[in-house]
Structure formats: structure tokens, C-alpha cells
Amino acid sequence: MAEDLTLLFKRLADGDVASLDRVVGALYDELRDLARARLRDERPAHTLQPTALVNEAYLRLARQHRIDAGGRTQFFAIASNTMRRVLVDYARTRNRKKRGNAAERVPLEDAEALLTQEEADELLVLEDALGRLAQANARAAQVVEHRFFSGLSVEEIAGIMGVTTRTIHRDWIAARAWLRKEVAKDLGLPD
């Protein structure tokens, strides 16, 4: 199957989005585990389940023209970042609905809040701070995304990014300190 996945990843990079079905089918259990890990940081009674998160991420990936995943690790990084964006979008929707903007009718089963207000605010503050970090230091922001959101090891990130593990480690330490300071400032917490 490893050779098949390698070929499928190449096809995805070449724009053959139909290969996504086979990749997701082969890696579905691992993608659910990844979704489960992503949801572990959310509130305990979160209504979005791992299967639904994988399905939403799949739909978003399927809309892309190309998925440049050179291998399994890169594919999981892309999938994890897509899952993170799904959760951020849910948080933004929750905040928009709370404030009454863009009110729309939703089915009753979708009416339950996905995040507490505090969790939604924290997630959005972190997303904004990560965006500012990407502008200041793009590589450090990528390290955070791969490490925190994808759960990749320092060695795996170094392999993907083509730099040394020492560089990744330095970026990780600097990015965490920068994000901690920025998030605390945005939430009005002491340094």
C-alpha cells in the first residue's frame, strides 16, 4: 500500500483530486485519530464528533484543485491544518451568531453551540496571533502549525521544511514565547 499511497500523493499534487477518495479511504482510521486529538482541546461535550470533523475536512480538501502532499506526513499536516480551519470557522460562526450578525435559519440539531464563548474567543485570539506571527516570521508560524496542530515531531518538521532540527527547535521556542505574549495581551491577561 505504501507504493500506492506514494503514487496517489503524486496524483494529488498533479491535480487529480479524485485520488483524494482513495487516500482518505486508506488513511481514514488515522484521520479519525487525528480529529479526535484536535477535538481533545475543545470543551468536553463538543457536538462536533471526530467523524464529522474528518468529513468536513475532506469536503474542503476535495474543493482544492491541487493538494501538494509529497508524502504521508505532509498529507497529515495538510489535513490537520484543514481541521483547525474548520474549528476556527465554527468559532467565528458562533461569535457572529452571538452578536446577531448574518442571522440565518439553521436546523434544530445544529442550534447547540459548538464552543463555549470563552473557548471561541480564545481560539480566535490564537488564530489572529498566529496570523501576525506568520507575517513576522513565516517559518516559525509553520513550525507552530506542524507541531501544535498536526502533532508532528521536531524531526518530522525538519524533514518537511528542509532545515535542521536545531533550527526547528529554536523556532518552536521563540514562536511559543511570542504567541504566549501576544495572546495574553489580546485577552487582557498579565504577561
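Each reported figure results from applying straightforward, stated rules to the coordinates on display, with no laboratory input. Keep in mind that what you see is a predicted model, and the values were worked out from it rather than measured. Positions of Cβ are generated from backbone atoms using ideal geometry, with glycine treated the same way; all protein chains shown enter the neighbour counts.
Using θ = phi - 60° and the Karplus curve 6.51 cos²θ - 1.76 cosθ + 1.60, what whole-Hz ³J(HN,Hα) does each residue of segment 142-154 get, with Gly and Pro shown as x?
Once rounded to whole Hz, the list reads 5, 4, 4, 4, 5, 6, 7, 8, 9, x, 6, 7, 4.
May I ask you to derive the FRET efficiency for D29 and I173 from their Cβ-Cβ distance with R0 = 35 Å, giving the value to the nearest 0.05?
Given R0 = 35 Å and the Cβ-Cβ separation, E is 0.55.
Once phi is turned into θ = phi - 60°, what whole-Hz ³J(HN,Hα) does the Karplus curve with 6.51, -1.76 and 1.60 give for every residue of segment 60-66, x standing for Gly and Pro?
For segment 60-66, the Karplus curve yields 5, 5, 5, 7, 7, 7, 9 Hz.
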